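**Student:** One structure follows; several queries about it will come next.
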Amino acid sequence: MQFGRYYEEFEVGAVYRHWPGKTVTEYDDHLFCLLTMNHHPLHMDAHYAETASQFKRNVVVGNYIYSLLLGMSVPDVSGKAIANLEIESLRHVAPTFHGDTIYGETTVLDKRESSSKPDRGVVAVETRGYNQDGTLVCVFRRKVMVPKREYAAASVPEGVDPERPSFPEPR
């Protein structure tokens, strides 16, 4: 199974659909909020959400949805990345609720060779997240620095598969 892509493997306009999706649970949302110290009652307090919000129920914290989509895209986009260079934009388009299932897809927007290092290039992508009804919930653009295949292959010792790490022999 491929994990990430080399610079040459990206084509402008290509769309990668990330699978499987992820059903967001109340536990996921609350744990993320607690880990990131986001204690806003819209995310953590069902009574507050029911009585004081327009949605009448807890809304999943947006940065969890962004993080989920970013993670979903790694096998297709940044699994070989040297660096994530920037998040150009991030928009939360619609709310996500406990029980929603998130699916993602990424489009390659642009690519260019590095001007300072010949062994790599920069790829610009847009990732979109949808719920189970097909509603767009989150969209972000980022730039990723990835290696070129010929340089990656040249830097690996003979007999080693750069796609698979070697493991020590069991004792």
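The values are calculated or read from the model by the stated rules, or taken from the named source; none is laboratory data. None of the values given here were measured: they were computed from a predicted structure. Using ideal geometry, Cβ is built from the backbone for each residue, glycine included, and neighbour counts are taken over all protein chains shown. Calculation scope for accessible area: heavy atoms of the full protein, side chains included, ligands and nucleic acids excluded. Shrake-Rupley method; radii C 1.70, N 1.55, O 1.52, S 1.80 Å.
**Student:** Which is under 21 Å from residue 28 (Cβ atoms), modelled with pLDDT of 95 or more, open to solvent by 60 Å² or more (accessible area, probe 1.4 Å) and out of contact with any strand residue (DSSP E or B) (no Cβ under 6 Å at 6 or more places or on another chain), of 100, 133?
**Tutor:** 133
**Student:** Another question about this same structure. Which one of these does residue 47 not meet: (1) touching a strand residue (DSSP E or B) at 6+ places or on another chain (Cβ under 8 Å); (2) open to solvent by 50 Å² or more (accessible area, probe 1.4 Å)?
**Tutor:** Residue 47 satisfies all of (1) touching a strand residue (DSSP E or B) at 6+ places or on another chain (Cβ under 8 Å); (2) open to solvent by 50 Å² or more (accessible area, probe 1.4 Å) except (1).
**Student:** Answer yes or no as to whether residue 68 is part of a helix (DSSP H, G or I) and at pLDDT 95 or above.
**Tutor:** For residue 68, the condition - part of a helix (DSSP H, G or I) and at pLDDT 95 or above - is met.
**Student:** As an exercise: evaluate residue 19 against (1) at pLDDT 95 or above; (2) under 14 Å from residue 106 (Cβ atoms); (3) open to solvent by 80 Å² or more (accessible area, probe 1.4 Å) and give the number of the one condition it does not meet.
**Tutor:** Of (1) at pLDDT 95 or above; (2) under 14 Å from residue 106 (Cβ atoms); (3) open to solvent by 80 Å² or more (accessible area, probe 1.4 Å), only one is false for residue 19: (1).
This table checks each residue for (1) among the β-branched types (Val, Ile, Thr); (2) in contact with a Pro (Cβ under 8 Å, 6 or more places away or on another chain); (3) farther than 30 Å from residue 147 by Cβ.
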{"site": "5", "(1), (2), (3)": "no, no, no"}
{"site": "40", "(1), (2), (3)": "no, no, yes"}
{"site": "46", "(1), (2), (3)": "no, no, yes"}
{"site": "92", "(1), (2), (3)": "no, no, yes"}
{"site": "106", "(1), (2), (3)": "yes, no, no"}
{"site": "111", "(1), (2), (3)": "no, no, no"}
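**Student:** Which pairs have Cβ atoms under 8 Å, sit 6 or more apart or on different chains, and link a residue in segment 92-120 that is within 19 Å of residue 142 (Cα to Cα) and in contact (Cβ under 8 Å) with a residue 60 or more places away in the chain to one that is part of a loop (DSSP other than H, G, I, E, B) and of a type in the set (Ser, Thr, Tyr)?
**Tutor:** 120/114
**Student:** Further question on the same structure: Just to be sure I understand, how many residues within segment 63-92 are in contact with a Ser or Thr (Cβ under 8 Å, 6 or more places away or on another chain) and either of a type in the set (Val, Ile, Thr) or over 30 Å from residue 119 (Cα atoms) (or both)?
**Tutor:** 3
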